[in-house]
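This report concerns only the one structure given below.
The values are calculated or read from the model by the stated rules, or taken from the named source; none is laboratory data. Keep in mind the model is a prediction, meaning the values are calculated, not measured. Heads up, the Cβs are rebuilt from the backbone with ideal geometry, glycines too, and the neighbour counts pull from every protein chain shown. We work out accessible area using only protein heavy atoms, side chains counted, and drop any ligands, DNA or RNA first. Shrake-Rupley method; radii C 1.70, N 1.55, O 1.52, S 1.80 Å.
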Number of protein chains: 2
Amino acid sequence: MADSHDAPLDVAAQIRTDIIKGKLEPGTKLREVALAERYEVSRIPIREALRTLEADGLVESRKFSGSVVAPSPAEDAEDLFEIRIVLESATAKRAARRAAELSAGGEHDAKWSEIRAEINEILEAGDAVIADERFEDLAVLNMRFHFAVAELSGSLSFISLLRQISGKIEWLYSLNLMRRGPQAWPEHREIIAAIDAGQVEQAAETMARHVRRSRDSYFATMSERP
Amino acid sequence: MADSHDAPLDVAAQIRTDIIKGKLEPGTKLREVALAERYEVSRIPIREALRTLEADGLVESRKFSGSVVAPSPAEDAEDLFEIRIVLESATAKRAARRAAELSAGGEHDAKWSEIRAEINEILEAGDAVIADERFEDLAVLNMRFHFAVAELSGSLSFISLLRQISGKIEWLYSLNLMRRGPQAWPEHREIIAAIDAGQVEQAAETMARHVRRSRDSYFATMSERP
DNA sequence: GATTACAGTTTTGTATACAAATTGCCCCTC
DNA sequence: GAGGGGCAATTTGTATACAAAACTGTAATC
């Protein structure tokens, strides 16, 4: 099957991809019938998808006035990084606390082990991708890593909030083409090490530093080539 | 017109109210046909409403498995307050910065003036409500105030994130019956004063203190009567 | 007696059809 | 010629109808 929009698997994901890849530019009016024809479904799934994307901040809707592609996230990139710094240090802190509790109690939390194992897979997959210099795949793995950490925290609120901004973050990174990936990847292991060790403050600080570097790198490359 | 669910004005708002007021308890399965009958509309508006509420974190949905009322926000009240502290100090800071820019440039931003006027109305309405001891109306005004500040910040990301957690916050407060309202209300004027004056750091700190007090009051009353 | 397979029921997902609201355009009037 | 009002075309919102998937209970077999 083709990768663009043959199978009506998840319309929201397809529209999201088209927005992130730049096929649908900010400000574009999203007419429901046009989208219905394009993705070969009826208007109803399109409407559902638009509501989902609205929640993700990728489109904006007004009653009886339709939906448009939201402004480029570059507009408030600073906000997004600021939010990430506070949000993700909090999740890392929470995850480390849970690690400490679990190891103290000696309990075997099945959910924890499962996520923890997935993180190892993600980290190794990242190494492989870097070795093969297939950097474009790194953005997805990066998002998966940060999500997995949020899941380790066990807080539904944090997961849900990260999910809320992840759409725009991904959009942002695709503009930047994830150039920092190779240098950034090893930092993930530091974060996990701190979490595993139950070092609460260090986990938070390592994560905050990681995101800050990411931010600085983003603005550096964006000022080079606007 | 009645206040419960006669007019099909906004189904999402009605379901939200029913969840917050406890008429729909966490874990309750939300069958679409049942809701359609209850609110006297078809299934389609119900589905739209459920997507909206899912984005607000009040319901959880799984494909082909329907929607259920989300777990009580009391579960992660600490997380919610922690998020609010960082998020809302950031919005207050941003709003103060914009105020400083506008007054320096001498520009008349129509949008700003409009929101600023609305805030005055909200503050006065709050005073009136307190004078009449109609405290149950204060929760709504409180949410409106915090939203208005977010709008002053001009950052769509912040507004959208606050909107994401506001549903749960409101839910949380309704469990607490907003006992701190009368003491808390004057603090809102301090926050606005700092913003108007363009005092960036003070706006952030005042807002953070406001939310921290709110948190402490919440846990105090909740420990009294669990 | 327990387990598995199957069918009936229930519930969600989707398509088609129609009503309501907005927007833009044209014509009429001043 | 300019401005306002109303009509029509476009677009979103909603209802009805149908298809697909999941759950449940029963029965048959091991």
Is at least one residue of region A:35-43 within 13 Å of chain B (Cβ to nearest Cβ) and not acidic (Asp, Glu)?
yes
Counting only residues that are buried (at least 21 other Cβ atoms within 10 Å of the Cβ) and facing chain B (nearest Cβ under 9 Å), which one in region A:83-92 is nearest to residue A:27 (Cα to Cα)?
A:83
Is there a residue being at pLDDT below 95, within 16 Å of DNA strand D (Cβ to nearest atom) and in a helix (DSSP H, G or I) anywhere in region B:16-28?
yes
Residues to consider are A:177, A:138, A:161; find the one that is out of contact with any Asp or Glu (no Cβ under 7 Å at 6 or more places or on another chain), of a type in the set (A, V, I, L, M, F, W, C), at pLDDT below 90 and surrounded by fewer than 18 Cβ atoms within 10 Å (Cβ to Cβ).
A:177
Per the filter on region A:185-226, residues more than 22 Å from the chain's Cα centre (by Cα) and either among the hydrophobic types (A, V, I, L, M, F, W, C) or open to solvent by 50 Å² or more (accessible area, probe 1.4 Å) (or both) are A:196, A:197, A:199, A:200, A:201, A:202, A:223, A:224, A:225, A:226
Screening A:54, A:107, A:101 for residues that are facing chain B (nearest Cβ under 8 Å) and either surrounded by fewer than 21 Cβ atoms within 10 Å (Cβ to Cβ) or touching a residue at least 60 places away in the same chain (Cβ under 8 Å) (or both) leaves only A:54
Is it true that residue A:133 is open to solvent by 10 Å² or more (accessible area, probe 1.4 Å), over 16 Å from residue A:211 (Cα atoms), away from every other protein chain (no Cβ under 14 Å) and in a loop (DSSP other than H, G, I, E, B)?
yes
If you take the residues of region A:141-156 that are open to solvent by 10 Å² or more (accessible area, probe 1.4 Å) and within 20 Å of residue B:57 (Cβ to Cβ), which of them is farthest from the other protein chains (Cβ to nearest Cβ)?
A:147
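For (1) part of a helix (DSSP H, G or I); (2) within 13 Å of DNA strand D (Cβ to nearest atom); (3) modelled with pLDDT of 95 or more; (4) more than 20 Å from residue B:158 (Cβ to Cβ), each residue gets a yes or a no:
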site	(1), (2), (3), (4)
A:52	yes, no, no, yes
A:61	no, yes, no, no
A:64	no, yes, no, yes
A:74	yes, no, no, no
A:80	yes, no, no, no
A:85	yes, no, no, no
A:90	yes, no, no, no
A:94	yes, no, no, yes
Conditions (1) touching a residue at least 60 places away in the same chain (Cβ under 8 Å); (2) more than 20 Å from residue B:127 (Cβ to Cβ) -> residue B:209 fails only (1)
Being open to solvent by 40 Å² or more (accessible area, probe 1.4 Å), within 16 Å of DNA strand C (Cβ to nearest atom) and over 29 Å from residue B:198 (Cβ atoms): is that true of residue B:33 here?
yes
Would you point out which residue out of A:22, A:66, A:27 is under 30 Å from residue A:216 (Cα atoms), surrounded by 12 or more Cβ atoms within 10 Å (Cβ to Cβ) and more than 11 Å from every other protein chain (Cβ to nearest Cβ)?
A:22
Answer yes if at least one residue in region A:158-169 is in contact with a Phe, Trp or Tyr (Cβ under 7 Å, 6 or more places away or on another chain) and away from chain B (no Cβ under 14 Å), and no otherwise.
no
Taking the condition outside the structural domain of residue B:167 (by TED's automatic domain parsing), open to solvent by 40 Å² or more (accessible area, probe 1.4 Å) and away from DNA strand C (no atom under 12 Å from the Cβ), does residue B:40 pass?
yes
Hey, among the residues in region A:170-203 that are among the basic types (Lys, Arg) and under 29 Å from residue A:58 (Cα atoms), which one's nearest to the other protein chains (Cβ to nearest Cβ)?
A:180
Name every residue in region A:70-82 that is open to solvent by 10 Å² or more (accessible area, probe 1.4 Å) and facing chain B (nearest Cβ under 10 Å), in order of residue number.
A:71, A:75, A:76, A:78, A:82
